[in-house]
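Colleague: Just dropping this structure here.
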Amino acid sequence: MARRRKVAYRKRVQNRFSMFLVTLLVVLILLLVQMGSLNLKDKIDARNEEITALDLQIEAENQRGKEIERFGKEVQTKGYIENVAREKLGLVYEDEILFKQKD
């Protein structure tokens with residue numbers, strides 16, 4: 001009978017130790033999952049900031065594209081061409097007289 005008690009006691013101690021190890025393992029897994037979750041949250045926040053910055057950049061480039069389109073239409077007008085020919089190239093019409101100022 002004493003032998004049975006010793007075996008039963010050993011089994012209880014082994015069961016408690018096994019339960020402790022399983023509980024410890026579960027807690028460690030939960031901690032690792034929580035740390036991974038926090039890391040992923042940080043990455044998501046960083047990506048959202050990057051998306052916001054890129055959206056602003058896209059809007060600025062769209063605005064710039066509109067300005068370039070407007071400038072392209074302006075460049076094709078006769079008045080702009082005449083103005084550039086006069087100021088940058090120094091050209092005048094055949095019947096036009098050019099007066100230059102002395103420095």
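The numbers here are math on the coordinates, done by the rules we state, and not lab data. Quick caveat: nothing in here was measured; it's all calculated off a predicted structure. Here Cβ is always computed from backbone atoms with ideal geometry, including for glycine, and neighbour counts include all displayed protein chains.
Colleague: Using a basic spin-label model with each label point 7 Å from the Cα along Cα→Cβ, how many nm lie between Leu54 and Ile81?
Modeller: It works out to 4.3 nm between the two label points.
Colleague: Here is a follow-up. Restricting the calculation to Cα positions, tell me the Rg (one decimal) and the Dmax (whole number) of segment 15-70 in Å.
Modeller: Radius of gyration, then largest Cα-Cα span, for segment 15-70: 24.2, 82 Å.
Colleague: Could you give the angle, 0 to 90 degrees to the nearest 10, between helix 78-87's Cα long axis and the longest principal axis of the Cα atoms of the chain?
Modeller: Tilt relative to the chain: about 80 degrees.
Colleague: Enter the angle in degrees (range 0 to 90, nearest 10) between the Cα long axis of helix 2-75 and the first principal axis of the Cα atoms of the chain, meaning the one along which they spread out most.
Modeller: 10 degrees
Colleague: Sort all Cα-Cα distances of the chain into consecutive 10 angstrom bins from zero, then give the percent of pairs in each bin up to the one containing the longest distance.
Modeller: With 10 Å bins starting at 0, P(r) equals 11, 14, 11, 11, 10, 9, 8, 7, 6, 5, 4, 3, 2, 0.
Colleague: With each label point set 7 Å from Cα along the Cα-Cβ vector, what nm distance links Asp42 and Leu91?
Modeller: Taking the simple label geometry, Asp42 and Leu91 are separated by 6.4 nm.
Colleague: Can you tell me the length gained on complete extension of the stretch Lys73 to Val13, counting 0.36 nm per residue apart and subtracting the Cα distance? Display every interim value, and only then the final one.
Modeller: Values: separation 60, 0.36 × 60 = 21.60 nm, distance 8.93 nm.
Once the chain is fully extended between Lys73 and Val13, it gains 12.7 nm.
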